[in-house]
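The values are calculated or read from the model by the stated rules, or taken from the named source; none is laboratory data. Treat the numbers as computed from the prediction; the structure is a model and nothing was measured. For neighbour counting, all protein chains shown are included, and Cβ atoms are generated from backbone atoms with ideal geometry for every residue, glycine included.
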Amino acid sequence: MKNARMLLVGLIALSLFSFAAIAGEVQINGSTTVGPIATLIQQWFMANDPSIVINIEATGSGTGVAALINGTTDIAMHSRPMKNPEFGQAVENGVFPVIYTVARDKIVVVVNEANPITNITMEDLYGIWMGTITNWSELGGSNEPILFGSRDTSSGTYGVWTEIVLDDADYTGTQVTVVAGNPEMQELVANNANAIGYVGLAFQEGVKVLTVDGIALASSAYPIGRALFISTNGLPTGDVATVVDAFMGRVGGCATLAEKFIPVWPCECDCSDMGF
């Protein structure tokens, strides 16, 4: 009997320890664009509040929203607004999304650094993705075929690109490589002299940024942009609320600036103690 009681006490202690470990973990899933901001916030918690463990899966906006709807993530990251059917499915599942705008982004048109092109028009972009412009010589470049990159349909960046650049139509060009996320698009363009693609502001290294309709990326008139979001199931509590507060406060503001995104509130932040 004594051994049984000791075993029972041990099992209770183990279960409490396991619950505490789980309670200290926050799951984040979704947009590869928002991912770099989340990663810096994760690093901040590791250095300043290691009692909260943040697990990040940057799998795409649609996947993140689906994970929130299915109850497999605490925070969804998405680089497009949540769609009406997603809201409906969420409510059917007893999930009531609360959405936060964490930053603003511009979708950057990028080519290989060896490409002589410096500017492209919205009409040119439409033509490339629709397959009516297929050679760089048509745009004043080399006599080489144009390879364009696209994201899969679950991507928030894909949705915004389709809406703004393609007038809500799917691309019909055939010289395309479909990639899973921003890092893969960045790599595709950096490694292929004939490639053109689109990425978030945090993914400019190793590629050449084009002006669009003669408008520089830094201009407020730049024509391709969107908001970046996180969502929770209802108003967050506990550790999830602490992480959301970080996204919306000075930590998130500094992470946003560090990754070259645009804060949604005037962030005249001293970020020197952030470690990034």
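Has region 230-244 got any residue that is part of a loop (DSSP other than H, G, I, E, B), without any contact (Cβ under 8 Å) to a residue 60 or more places away in the chain, surrounded by fewer than 20 Cβ atoms within 10 Å (Cβ to Cβ) and assigned by TED's automatic domain parsing to the domain that holds VAL26? Yes, there is a match, as at least one residue in region 230-244 is part of a loop (DSSP other than H, G, I, E, B), without any contact (Cβ under 8 Å) to a residue 60 or more places away in the chain, surrounded by fewer than 20 Cβ atoms within 10 Å (Cβ to Cβ) and assigned by TED's automatic domain parsing to the domain that holds VAL26.
For region 112-159, give me each residue that is over 30 Å from LYS83 (Cα atoms) and either acidic (Asp, Glu) or assigned by TED's automatic domain parsing to the domain that holds MET77 (or both). If the condition is that a residue be over 30 Å from LYS83 (Cα atoms) and either acidic (Asp, Glu) or assigned by TED's automatic domain parsing to the domain that holds MET77 (or both), then GLU113, GLU138, GLU144 are the ones that fit.
If you go through region 114-155 and keep only what is more than 26 Å from SER61 (Cβ to Cβ), within 30 Å of the chain's Cα centre (by Cα) and of a type in the set (A, V, I, L, M), you end up with ALA114, ILE117, ILE133, ILE146. Within region 80-92, the residues that satisfy the criterion of being over 12 Å from the mean Cα position of the chain (by Cα) and under 30 Å from ILE196 (Cβ atoms) are PRO81, MET82, LYS83. Against the test of being small (Gly, Ala, Ser), within 29 Å of ALA38 (Cβ to Cβ) and buried (at least 17 other Cβ atoms within 10 Å of the Cβ), the options GLY159, GLY127 yield a single qualifying residue, GLY159.
Restricting ILE196, ILE164 to residues that are in the same structural domain as SER142 (by TED's automatic domain parsing), of a type outside the set (D, E, K, R), out of contact with any Leu (no Cβ under 9 Å at 6 or more places or on another chain) and more than 18 Å from GLY60 (Cβ to Cβ) narrows the list to ILE164. Checked against the criterion of being in contact with a Phe, Trp or Tyr (Cβ under 7 Å, 6 or more places away or on another chain) and within 30 Å of ALA195 (Cα to Cα), the candidates MET130, MET122, MET77 yield just one match: MET130. Within region 187-229, track down each residue that is surrounded by 15 or more Cβ atoms within 10 Å (Cβ to Cβ), in contact with a strand residue (DSSP E or B) (Cβ under 7 Å, 6 or more places away or on another chain), assigned to a loop (DSSP other than H, G, I, E, B) and among the small types (Gly, Ala, Ser). Answer for region 187-229, where residues must be surrounded by 15 or more Cβ atoms within 10 Å (Cβ to Cβ), in contact with a strand residue (DSSP E or B) (Cβ under 7 Å, 6 or more places away or on another chain), assigned to a loop (DSSP other than H, G, I, E, B) and among the small types (Gly, Ala, Ser): just GLY200. Screening THR73 against (1) of a type in the set (Ser, Thr, Tyr); (2) free of Cβ contacts under 8 Å to residues at least 60 places away in the same chain; (3) under 19 Å from THR157 (Cβ atoms) leaves a single unmet condition, (3).
Taking the numbered list (1) at pLDDT below 95; (2) within 18 Å of the chain's Cα centre (by Cα) in turn, ALA218 passes all entries but (2). Given the residues VAL111, VAL95, which is the only one that is within 25 Å of PHE261 (Cβ to Cβ) and either buried (at least 17 other Cβ atoms within 10 Å of the Cβ) or within 18 Å of the chain's Cα centre (by Cα) (or both)? Answer to the selection: VAL111. Close contacts from region 258-270, counting a first residue that is on the phi > 0 side of the Ramachandran plot and a second that is among the small types (Gly, Ala, Ser) and surrounded by 17 or more Cβ atoms within 10 Å (Cβ to Cβ), with Cβ to Cβ under 6 Å and a gap of 6+ residues or different chains, come to LYS260/ALA202.
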